[in-house]
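Colleague: Input: one structure, supplied below.
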Amino acid sequence: MWIYILRRTLLLIPIFFIISVVVFSLIHLVPGDPIDSLLIPGSTAEDRVELTKAYGLDKSLPVQYCVWLQKFVTGDMGQSIIEKQPVKDMILYNMPFTIRLGVASLFVSFFLGVSLGIISSAAKNTFIDYISMIIALLGVTVPAFWLGLILMLIFSVMLGWFPVSGSGSLKTLFLPAVTVGMGGAGLIARITRVSMLEMYNKEFVLLLYAKGLSRSAIIIKHIFRNALMPVITIFGLRLGWILGGAVTIEIVFSRPGIGSMLLSALYRRDYPVVQASLVFLTMAVIIGAFIADLMYAYADPRVRDVYK
């Protein structure tokens, strides 16, 4: 197991460098100049040149990348060109809001998805099964931002149960968490249903019925536990994607977080903030996949045996 973990961990290093090159290149290929946001009316060409040198933007892109990467790997993410604050402090301030939303969304995805999958498989080809799969299908296909607006209209504007925006209480977290979590819940529900239906046809299930075990005990204690393998994989992959999805929903619900900070930095071409935010979000997806691999290897010894 330790050999497997070591190999998977070392694989993250080249992935990080590839991500850093892509992010850095894309940011500098986008039209616009952050210096334009710093110049005041009446500024001269000399002022532009002085500011460009001050922020190191006069150097070639390869040199800028090497300087930025060297600082980044040592924990120095640079200083915001617009806000005049350390990027690291800005990310540390906004990160808890995004992580809080991501954790709540993961709970919604797993709890709702697994529940729908179990109910649907237990009531195969019945009205309950069809309703459960329709809910799962809507969760997968409906765009998150549109779902967020609809939930906001119904539960905030019409019913007044939840606030429209903000981040001060659990009530402000409920609608954004449901919005982000529904996509994962739909996927987990479908995977759970298919996996459990496969287990229903196994010989050990007939043996359990022959021993006199109740249907609920067989479903929960035996079928679900054996059908959990693909669910674990999907759940691990959703760890990173939910943080990415939270970015959009933060903007829809006007919540603070990495997404709101990233959007503001994009508008003003604040290169250090955009680069650090994108690397953080991309690595979150990669690390989510990494955790999924470890969970899968822990649950299935055959995966670990390949690296012995």
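Colleague: Could you tell me the convex hull volume per residue, in Å³, taken over the Cα atoms of region 85-142? Write down the numbers at each step before the final one.
Modeller: Details: hull volume 4.5 nm³, N = 58.
Taking only Cα atoms, region 85-142 has a hull volume of 77 Å³ per residue.
Colleague: Which whole-Hz couplings ³J(HN,Hα) result when phi for each residue of region 118-126 is put into the Karplus expression 6.51 cos²θ - 1.76 cosθ + 1.60, θ = phi - 60°, listed in order with x for Gly and Pro?
Modeller: 5, 4, 5, 5, 5, 10, 4, 6, 10
Colleague: Which residues' amide hydrogens lie under 5 Å from the amide hydrogen of Gln79, considering only partners 5 or more residues apart or on another chain, with H built in the peptide plane?
Modeller: Here Val87 satisfy the definition.
Colleague: Still on this model: For a quick protection proxy, order the peptides 116-128, 15-27 by their average other-Cβ count within 10 Å, most packed first.
Modeller: Working: 116-128: 17.5, 15-27: 15.2.
So the peptides 116-128, 15-27, ranked by packing, come out 116-128, 15-27.
Colleague: Could you give me the ³J(HN,Hα) list for region 128-144, computed from phi with Karplus coefficients 6.51, -1.76, 1.60 and θ = phi - 60°, whole Hz, x at Gly and Pro?
Modeller: 5, 4, 5, 5, 4, 6, 5, 4, 5, 5, 5, x, 7, 8, 6, x, 4
Here, each number is a calculation from the coordinates, and none is a lab measurement. Here the structure is a predicted model, which is why all the values come from computation and not from measurement. When we count neighbours, we look across all protein chains shown, and the Cβ atoms used for this are built from the backbone with ideal geometry, even at glycine.
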